[in-house]
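Report on one structure; see the data block that follows.
What follows is calculated from the coordinates using simple rules that are stated; it is not laboratory data. Keep in mind that what you see is a predicted model, and the values were worked out from it rather than measured. Cβ coordinates were reconstructed from backbone atoms using ideal geometry, including for glycine residues, and neighbour counts include every protein chain displayed.
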Amino acid sequence: MSKKNIIVGIDVGSSNVRCIIVQAFSDVEIPRIIGVGEVPSSGIRRGIISDVEEVIKNINESVEKAERMAGVTVKSANVNIGGTEINFQNSKGVIAVGRADGEVTEDDLERVIVEAQNVALPLNKEIIYVIPKNYRLDDQENIRDPLGMKGVRLEMNALVIECSSGQVKNLTRCIHQSGIDMDEIILEPLAAAESVLGRKQKELGVVLIDIGGGTTGISVFEDGDLVHTAVLPIGAGHITNDIAIGLRTSIEVAEKVKLEFGNAISEEVGRKEEVDLSEVDSQESGVVSRYHVAEIIEARLEEIFGMVNRELKNIGKAGLLPAGAIITGGGAKLPQLVDLAKNVLGLPAQIGFPINLGGIMNKVDDPSFSTVVGLVIWNEEQKSSLKKETKKVFGNMSNTTEETVKKMKKWMEKFLP
């Protein structure tokens, strides 16, 4: 098989490590999935690497599974980064337009983004993204793309995303020691948004809620632009832990009970319904109330959606997003979860599935694969609409001006015609 146009995504998650391989063809609009690998994750807690050797082992296993299916060797990949050590702050960059005739050039856009990076950072933090929100040119405000316009003073409001330097170095080390080069490090909520959200939803206003194993990522879009993103320190794994404690059983049994008998709204479950644990696991015994299981699940999900709603209130968007809430990730598959989200958030809600690709799509047609699918379509240049939406996301920033300008030029060359 030809190794050209191979794109690989590796999702290093708290519950699972997933790898998918896609191949793009010049005569086919949609890339084809040719390999999928998934293994349980260890060595990661709340999205943060705690055991490098375990993570390397998980990455190798998932990549090997995908390679065997695809018949190709993985050389490089896009990789997600998340966890509770991700921080966000608003920033502003201000410059004088460089050309004598006042026309805004690519060099001006690079310089204003460099200026926006001049924010106070703790010693253990580094900037991984500067995402432009809007521009102002002289007295004209809320400009989405000032390239080619004329003025004297260019301002940019931006969302600066920071991460622990140790987390970035540990993730990079894990990938490199697996024999793989890093193409891009992509923020987990942004990767999930690329695979799940449509252009119209982003224009109307939408919040994506990505419920992972150890964390929940949220991304808020309006008028086509990212206006807010956050990573909450709670996920579907906490629901499993609650059930294990409540039923006094193992994590493995609690996970099976959650998936097979769980419900997000306890009132939808009969109070006399019971679960025989011996049917779930031969080593267990006893009967538990299914209503009690649903109560445990409902309480934790209400907490998660309550935290999401507080984030929306902080930015003035609670109950004000016409496209509503799109829920994805491994924790999005519980019955009645959508109804609970509607009640807590006061918004329309639905489950988000990854964008349709060609090939063995049945292997990844699941909300838990949203992030890894987003990783492989992130820089898929055949999709002009995707190019337009992502050309303003400048990733993998360093704290030095030289490195920033170098990587900025690389991104601009990739996304501009």
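When +1 charges are put on Lys and Arg Cβ atoms and -1 charges on Asp and Glu Cβ atoms, the dipole computed for the range 219-302 relative to its Cα centre reaches about 320 debye. Counting every alpha-carbon pair across the range 1-99, the share separated by more than 15 Å comes to 66%. Dipole magnitude for the chain: computed about the Cα centre from +1 point charges on Lys and Arg Cβ and -1 point charges on Asp and Glu Cβ, it is near 680 debye.
Seen against the Cα atoms of the chain and their longest principal axis, helix 251-261 is set at about 90 degrees.
The string of couplings for the range 346-357 from the Karplus curve (6.51, -1.76, 1.60, θ = phi - 60°) is x, 9, x, 8, 7, 7, x, 10, x, 4, 6, 10 Hz, one whole number per residue in order, with x for Gly and Pro.
Given +1 at the Cβ of Lys and Arg, -1 at the Cβ of Asp and Glu and no other charges, the dipole of the range 1-87 around its Cα centre is 180 debye to the nearest 20.
Using R0 = 51 Å, the C-beta based FRET efficiency linking Leu204 and Glu54 works out to 0.75. In percent, rounded to a whole number, the relative contact order of the range 263-351 is 30, using alpha-carbon pairs under 8 Å and six or more apart. So which of Lys133/Lys202; Lys150/Lys200; Lys258/Lys363; Lys333/Lys363 end up more than 18 Å apart, counting from Cα to Cα? Flagged as over cut-off: Lys150/Lys200; Lys258/Lys363. On the beta carbon distance between Asn356 and Ser76, with R0 = 25 Å, the FRET formula returns roughly 0.50. Taking label positions 7 Å along the Cα-Cβ direction at both Asn241 and Asn343, the computed distance is 2.5 nm, reported to one decimal. Sequence-ordered 3J(HN,Hα) estimates for the range 163-177 from the Karplus curve with 6.51, -1.76 and 1.60 and θ = phi - 60° stand at 9, 4, 4, x, 5, 5, 5, 5, 5, 4, 4, 4, 5, 5, 6 Hz, glycine and proline given as x. Modelled spin labels at Asn90 and Glu141, positioned 7 Å past Cα toward Cβ, are 1.1 nm from each other.
Look at the dipole of the chain built from charges on Cβ: of Leu247, His228, Leu347, the Cα furthest out on the positive end belongs to His228. Is the C-alpha gyration tensor of the range 27-168 telling us rounded, prolate or oblate? Criteria: a/c under 1.5 is rounded; beyond that, a/b larger than b/c is prolate, otherwise oblate. Cα axes put the range 27-168 in the oblate bin. Farthest towards the positive end of the charge dipole of the chain, among the residues Leu357, Gly324, Phe261, is the Cα of Leu357, using unit charges on the Cβ of Lys, Arg, Asp and Glu. For the range 1-93, the tally of Lys pairs with Cα-Cα distances below 28 Å comes to 9, considering only residues 8 or more apart or on different chains.
Listed values for the range 309-325 are Karplus-derived 3J(HN,Hα) couplings in whole Hz (6.51 cos²θ - 1.76 cosθ + 1.60, θ = phi - 60°), namely 5, 5, 4, 5, 5, 4, 10, x, 10, 4, x, 10, 10, x, 7, x, 10, and x replaces Gly and Pro. Ordering Leu337, Ser62, Asn157 by Cα displacement along the dipole of the chain toward the positive end leaves Asn157 in first place; charges were set at the Cβ atoms of Lys, Arg (+1) and Asp, Glu (-1). How would the chain be classified by its alpha-carbon gyration tensor: rounded, prolate or oblate, with rounded meaning a/c under 1.5 and the a/b versus b/c comparison settling the rest? Prolate. Can you give me the angle between helix 236-247 and the longest principal axis of the chain, using Cα atoms only, in degrees from 0 to 90, rounded to the nearest 10? Value to nearest ten degrees: 20. Local charge for Ser368 was computed over the other residues whose Cβ lies under 15 Å away, with Lys and Arg +1 and Asp and Glu -1, and equals -3. Which of rounded, prolate, oblate describes the range 320-368, given a ≥ b ≥ c as roots of the alpha-carbon gyration tensor eigenvalues and a/c under 1.5 marking rounded, otherwise prolate only if a/b is larger than b/c? Cα axes put the range 320-368 in the oblate bin. The length gained by stretching the chain between Asp366 and Val119 to full extension, at 0.36 nm per residue less their Cα-Cα distance, is 85.0 nm.
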